[in-house]
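Coordinate-derived values only; no laboratory data. No experiment lies behind these values; they were computed from the predicted model shown. Methodologically, a virtual Cβ is constructed for each residue, glycine included, from the backbone with ideal geometry; neighbour enumeration extends over all protein chains shown.
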Ligand SMILES: C[S@@+](CC[C@H](N)C(=O)[O-])C[C@H]1O[C@@H](n2cnc3c(N)ncnc32)[C@H](O)[C@@H]1O
């Protein structure tokens, strides 16, 4: 596990995504109260990634329905950030979150009721096998350093999920939309290449997830995103696995 952890710690010409996410959380810490819009911004859903609060709430319903959440379920969000999405899910199940940004976890602790929060890397989940009825990860996979890391994360998620459990990975940037996304960011002066030289998002083909389903025997369903008022809507996709 040591080597896998080291991958995402590596500096790529300066900052790592981990350092950037830690910094983002710190800038929000002066606040004593957080409304949903602020939490969404802390979690990166601002600027080109913004969407109306109502769309965020609808997305919460889509995630809860796909995960078939029930009250007695334990549900884990991998890369929960400041808890903007866990806030939509709590009340339906007992919620747990993992993230590598301590400042964002601190915010999540303040806004969620009785959450189980842990700091750590997605590739090494500090939970026993079969702990969760459902696991999801919203808008996280593009921060992973490479496909092998992402594959290891999915295997970890499968391990901590119960048999017949549901796994939902959402907001995955489609590799076929890479040029369109990057040129739009460039036009708006939001290119990561200018801001953080060398740091990139990881884009995925559907086949990456289909291959994992084939190798692990999991059922898979891939759906396009359809979120009102979200620029990325049809440029990203969702993957639902059933163990
Ligand atoms: C765009 S935010 C999404 C936050 C949350 N999922 C939501 O929907 O509001 C991405 C989050 O993933 C976390 N993250 C990225 N890579 C990670 C990794 N390898 N391990 C743990 N957390 C990670 C970041 O710290 C950040 O909080």
### Query
If you build a Gaussian network model of the chain, linking Cα atoms that sit under 10 Å apart, which residue out of 35, 73, 226 swings the most?
35
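Quote the FRET efficiency, to the nearest 0.05, computed for residue 155 versus residue 221 with a Förster distance R0 of 30 Å and r equal to the Cβ-Cβ distance.
Values: r = 19 Å, r/R0 = 0.64.
Efficiency, from the Cβ-Cβ distance: 0.95.
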### Query
Using a basic spin-label model with each label point 7 Å from the Cα along Cα→Cβ, how many nm lie between residue 214 and residue 106?
4.7 nm
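Starting from 0.36 nm per residue, how many nanometres of slack lie between residue 58 and residue 179 once their C-alpha separation is accounted for?
Full extension from residue 58 to residue 179 adds 40.7 nm.
So for the chain, averaging the separation of alpha carbon pairs under 8 Å that are six or more residues apart and normalising by length, what relative contact order in percent results?
Numbers: 431 pairs, mean separation 50.2, N = 243.
Once normalised by length, the contact order is 21 percent.
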### Task
Using per-residue counts of other Cβ atoms within 10 Å, averaged over each peptide, order 160-170, 134-144 from highest down.
134-144, 160-170
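Give me the number: length gained by fully extending residue 234 to residue 207, i.e. 0.36 nm times residue separation minus the C-alpha to C-alpha distance, one decimal in nm.
Numbers: separation 27, 0.36 × 27 = 9.72 nm, distance 1.76 nm.
Between residue 234 and residue 207, full extension yields an extra 8.0 nm.
As an exercise, use a Förster radius of 25 Å and the Cβ-Cβ distance of residue 36 and residue 65 to find the FRET efficiency, rounded to the nearest 0.05. Mind dumping the intermediate values first?
Values: r = 20 Å, r/R0 = 0.79.
The computed FRET efficiency comes out at 0.80.
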### Query
Extent of region 4-242 along each principal axis, from alpha carbon coordinates, in Å, largest to smallest?
45, 44, 37
### Task
Given the options 54, 156, 224, state which has the largest fluctuation in a GNM of the chain using a 10 Å cut-off (strictly under) for Cα springs.
54
